[in-house]
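Data first, discussion second: the structure below is written as structure tokens.
The values are calculated or read from the model by the stated rules, or taken from the named source; none is laboratory data. Computed from a prediction, not measured in an experiment: that's the story for all the values here. All Cβ positions, glycine included, derive from the backbone under ideal geometry; neighbour counts span all protein chains shown.
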Amino acid sequence: MPERSRRGDPEAARRAVADLIRALGLDPATEPELAGTPARVAELYAEIFAGLDPGAEPTLATFPRPAGGEDLVVVRDLPFHSLCVHHFVPFFGRAHVAYLPGERLLGISGAARLLEFYARRPQLQERLTAQVADHLVGVLEPRGVAVVLEARHLCMEMRGVRRRGRVETRATRGLLSAPEWRGVLGPGGRRPR
């Protein structure tokens, strides 16, 4: 019996894709380019759902905050992609992460690593936004955190209303939840003018 990986059962995924191909009325015998599709799709899903593997959680480097280093730290325009948990089609966009440091600063790539970890699983944009914010609170114990995600959802563009639009979600914690900080990343994650 094959050993299951932490991310699931690759052979079962391959069989499920082969069944889906047949259920859609496609025949690999008459469309030979479909022959390797079940294995390719199973490998694709294993890669894009790598965030389901608890061992994939990034170790985030933190550093003591230097004296006087109490100002807002902002990381803008982090690209991300994920799959909608409802339809298993992509949503993608940019993230903006801000925090008011406590005693520790996050390593420069930390926000990107954290975003990637939580995005690599079937997701809701709202949950992804909150997971990044909550993880930063747990690791840094900052005075405040704000995370803004702006994304296009192919489930909205390819089916149903079939319109292109951008969904924005925000999660604020600590001092950045206070009214005077709510616009810290401005409309659409941009700096207020």
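May I ask you to list the residues in the range 28-65 that are within 24 Å of GLU141 (Cβ to Cβ), touching a strand residue (DSSP E or B) at 6+ places or on another chain (Cβ under 8 Å) and surrounded by 15 or more Cβ atoms within 10 Å (Cβ to Cβ)? Full working, then the answer.
As a first pass, look at the range 28-65 and keep what is within 24 Å of GLU141 (Cβ to Cβ): 51, 54, 56-65.
Filter again for touching a strand residue (DSSP E or B) at 6+ places or on another chain (Cβ under 8 Å), leaving 60-65.
Listed by number, the residues that qualify are LEU60, THR62, ARG65.
Would you call ARG120 touching a Gly at 6+ places or on another chain (Cβ under 6 Å) and either under 22 Å from ALA50 (Cα atoms) or among the acidic types (Asp, Glu) (or both)? So that I can check it myself, show each step before the final result.
On the way: touching a Gly at 6+ places or on another chain (Cβ under 6 Å): yes; either under 22 Å from ALA50 (Cα atoms) or among the acidic types (Asp, Glu) (or both): yes.
For ARG120, the condition - touching a Gly at 6+ places or on another chain (Cβ under 6 Å) and either under 22 Å from ALA50 (Cα atoms) or among the acidic types (Asp, Glu) (or both) - is met.
Looking at GLY102 and the list (1) of a type outside the set (A, V, I, L, M); (2) assigned by TED's automatic domain parsing to the domain that holds THR172; (3) surrounded by fewer than 15 Cβ atoms within 10 Å (Cβ to Cβ); (4) in a loop (DSSP other than H, G, I, E, B), which single condition is not satisfied?
(3)
Which one is nearest to the chain's Cα centre (by Cα), of the residues in the range 140-169 that are of a type in the set (Val, Ile, Thr) and loosely packed, with under 15 Cβ neighbours inside 10 Å? Give the derivation first.
Step one: list which residues in the range 140-169 are of a type in the set (Val, Ile, Thr), which gives 145, 147-148, 161, 167, 169.
Next, from what is left, pick out any that are loosely packed, with under 15 Cβ neighbours inside 10 Å: 161, 167.
Details: VAL161: 24, VAL167: 14 Å.
The qualifying residue nearest to the chain's Cα centre (by Cα) is VAL167.
Pull up the range 64-91, narrow it to residues that are in contact with a helix residue (DSSP H, G or I) (Cβ under 8 Å, 6 or more places away or on another chain) and aromatic (Phe, Trp, Tyr), then point me to the one that is nearest to ARG120 (Cα to Cα).
Of everything passing the filter in the range 64-91, PHE80 is nearest to ARG120 (Cα to Cα).
So that you can scan it fast, the table gives a plain yes or no per residue for (1) assigned by TED's automatic domain parsing to the domain that holds GLN123; (2) touching a Cys at 6+ places or on another chain (Cβ under 7 Å):
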residue: ALA16; (1), (2): no, no
residue: LEU20; (1), (2): no, no
residue: ALA35; (1), (2): no, no
residue: GLU43; (1), (2): no, no
residue: ASP53; (1), (2): no, no
residue: LEU72; (1), (2): yes, no
residue: LEU78; (1), (2): yes, no
residue: HIS86; (1), (2): yes, yes
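Restricting attention to the range 5-35, and to residues there that are closer than 15 Å to GLU47 by Cα and either among the acidic types (Asp, Glu) or at pLDDT below 90 (or both), which single residue is farthest from the chain's Cα centre (by Cα)? Step through it out loud before you land on a result.
Start the filter on the range 5-35 by keeping residues that are closer than 15 Å to GLU47 by Cα, which leaves 5-11, 13-14.
Add one more test, that the residue is either among the acidic types (Asp, Glu) or at pLDDT below 90 (or both), and what stays is 5-9, 11.
Details: SER5: 22, ARG6: 19, ARG7: 17, GLY8: 19, ASP9: 22, GLU11: 26 Å.
For the range 5-35, the residue satisfying everything is GLU11.
Could you list, in sequence order, all residues of the range 79-99 that are surrounded by 19 or more Cβ atoms within 10 Å (Cβ to Cβ) and not β-branched (Val, Ile, Thr)? Steps first, please.
Step one: of the range 79-99, the residues surrounded by 19 or more Cβ atoms within 10 Å (Cβ to Cβ) are 80, 82-83, 91, 93, 95-99.
Within the range 79-99, PHE80, SER82, LEU83, PHE91, GLY93, ALA95, HIS96, ALA98, TYR99 meet the criteria.
I need every pair where a residue in the range 162-186 that is within 11 Å of VAL145 (Cα to Cα) has its Cβ under 6 Å from the Cβ of a residue that is among the hydroxyl-bearing types (Ser, Thr, Tyr), sequence separation at least 6 or different chains.
ALA171/THR129
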